[in-house]
Structures are given as structure tokens and as C-alpha cells.
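Bear in mind that the values in this text are calculations on the coordinates, not laboratory data. The model shown is predicted, which means the values in this text are computed figures rather than measured ones. Counting neighbours? That spans all protein chains shown, and the Cβs are built from the backbone with ideal geometry, glycine included.
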Amino acid sequence: MDSTSVKVKGKATGVTATAHPSGDKRFKVLDVTMKRHRYQQDALIEILHKAQELFGYLEDDLLLYVAHSLKLPQSKVYGVATFYHLFSLKPKGVHTCVVCTGTACYVKGAQTLLATVEKFANIHAGETTPDNQLSLTTARCIGACGIAPAVVFDGKVASQVTPEAACDRIKDWIS
Ligand code: FES
């Protein structure tokens, strides 16, 4: 992920928001969450929770992005992220698969897709395979509703993923 970010001045509110130049739609979803909390610093835990749901874990660039957006010192954001056990700073497995189960993806069969992947990998969402090769998680919307059902494989968003395609994608990771 690109560690740089650009400042965008919000027209209506005059609030300075931070846009991520990577084009990754998940940052937009995170922006919406931060905006909903009015970029309030005391919403940090909820915002980190959303960030982890979207990205699977809280990597450095993501923490930096949140710190800039909320105008908090990096040390504060790192402190909170490392204090709570529910936050993970590293992917648990070597590979990650995030199945979006938001409304648009749900309508397009995300539940079947998730169930198929769970069966294929022999783990449930939220778990990592015993050999540590694959972590499977879910997100409620990753900002890619137009290409539902969407799945994020190792940080890359894949569109209109069928259950078969998802299993095909992860089969080399878990064999
Ligand atoms: S609901 Fe899946 S990307 Fe929005």
C-alpha cells in the first residue's frame, strides 16, 4: 500500500479529509465511517474496528492514515491498536481471504460463497488454518458493491467471485 496521502478540502463542512491515492475503495468506506463519527478522536476504537474489518488487519500504513485523518499522534493510534487484543497488526495467516457479506454481496450469493470457502478450507470465518497459511474473515461492505460479490484475496479486490473461483484461488494456499 502506498504510504503517502493527499489532503482534500471538504466543500460543505470545511473539514479537511484525507484521501488515499491508491484508489483502493476500502479507504473510501473507511472515510465514510470516520466522517460519520465526525473525525472525533474518541471514536478511534470504532474506526480501527472498521479498518480491521475492511483490511483484515491493521498494517502500518493504515494506522498512519487513521492517525492523519483524526489528527492524532501516531503513538496514540499505535498504543490503542496494540493494547486491545481484538486488533491484529499482522495478518494471522500467510494469506488472507476477506469475503464481503454486505447487502449487495449478500444479494449476489455471498453467503453461499462464504459457506463454500469455509467448507473447502475447513475453517470458519474469523479463523486461520492450522498450518497458518490462510486467514478467512468477512466484511460488511468493502465499497465494491458494483462488482458484487466481492472477495479480497491477499489485499486485492476480486469481482463477481463465484464459489468455485474462490476455492480455485485459495487451493494452492492450503494444499
Ligand atoms: S456489499 Fe459487498 S462491496 Fe458493498
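From the list 131, 154, the one residue that fits, being more than 12 Å from the ligand (Cβ to nearest atom) and under 14 Å from residue 26 (Cβ atoms), is 154.
Against the conditions (1) within 16 Å of the ligand (Cβ to nearest atom); (2) under 23 Å from residue 33 (Cβ atoms); (3) β-branched (Val, Ile, Thr), residue 117 satisfies every one except (2).
Do we have any residue at all in the stretch 101-120 that's within 13 Å of the chain's Cα centre (by Cα), at negative phi and crowded, with 16+ Cβ neighbours inside 10 Å? Among the residues of the stretch 101-120, at least one is within 13 Å of the chain's Cα centre (by Cα), at negative phi and crowded, with 16+ Cβ neighbours inside 10 Å, which makes the answer yes. I'm trying to understand the selection: among the residues of the stretch 114-153, which are of a type in the set (A, V, I, L, M), assigned to a helix (DSSP H, G or I) and farther than 14 Å from residue 93 by Cβ? Listed by number, the residues that qualify are 114, 115, 147.
For the stretch 154-173, filtering for residues that are assigned to a strand (DSSP E or B) and crowded, with 18+ Cβ neighbours inside 10 Å leaves 1. Any residue that is in contact (Cβ under 8 Å) with a residue 40 or more places away in the chain, surrounded by fewer than 14 Cβ atoms within 10 Å (Cβ to Cβ) and over 16 Å from the mean Cα position of the chain (by Cα) - is there at least one of those in the stretch 126-134? Yes, there is a match, as at least one residue in the stretch 126-134 is in contact (Cβ under 8 Å) with a residue 40 or more places away in the chain, surrounded by fewer than 14 Cβ atoms within 10 Å (Cβ to Cβ) and over 16 Å from the mean Cα position of the chain (by Cα). On inspection, residue 85 passes the criterion of being surrounded by fewer than 21 Cβ atoms within 10 Å (Cβ to Cβ) and over 17 Å from the mean Cα position of the chain (by Cα).
Can you tell me how many residues within the stretch 54-109 are within 16 Å of the ligand (Cβ to nearest atom) and part of a loop (DSSP other than H, G, I, E, B)? Number satisfying all stated conditions: 5.
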